[in-house]
1. Given the Cα-Cα distance of residue 66 and residue 6 and 0.36 nm per residue of separation, how much length would full extension add, in nm?
2. Pop a pseudo-label 7 angstrom from the Cα along the beta-carbon direction at both residue 18 and residue 34 and give the gap in nm to one decimal.
3. Dividing the convex hull volume of the alpha carbon atoms of segment 1-52 by its residue count, what do you get in Å³ per residue?
4. Could you sort the peptides 50-57, 89-96 by per-residue average Cβ neighbour count (10 Å cutoff), highest mean leading?
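A short reminder: the numbers here are calculations on the coordinates, not readings from a lab. Worth saying up front: this structure is predicted, and the values here are computed from it rather than measured. No Cβ is skipped: glycine too gets one built from the backbone with ideal geometry, and neighbour counts run over all protein chains shown.
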């Protein structure tokens, strides 16, 4: 396993499916492990910050906070969703993806 990881320059946790990031250390690894987002998603967010695209960041924050409100309101203690009452844009996208198994 060690040789394979060395060959592809990825950590063992990535090869075992324990993480979404190939980053070995640093802020990117921390962000990916903390949030579960992929390297590509982290790179996109870092790019927005580096290019001071704060309008887009504010929009993403709004969408994520709206989704969080849906989760808080529409999930029972077992994690079952009441999709009919979901109001966030992301929740509508997730519902569509679940319906068509995407």
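1. Numbers: separation 60, 0.36 × 60 = 21.60 nm, distance 4.14 nm.
Value of the extension gain: 17.5 nm.
2. For residue 18 paired with residue 34, the spin-label model returns 2.0 nm.
3. Working: hull volume 3.7 nm³, N = 52.
Taking the convex hull of the Cα positions in segment 1-52, it is 71 Å³ per residue.
4. Details: 50-57: 10.8, 89-96: 14.4.
Most protected by this proxy first, the peptides run 89-96, 50-57.
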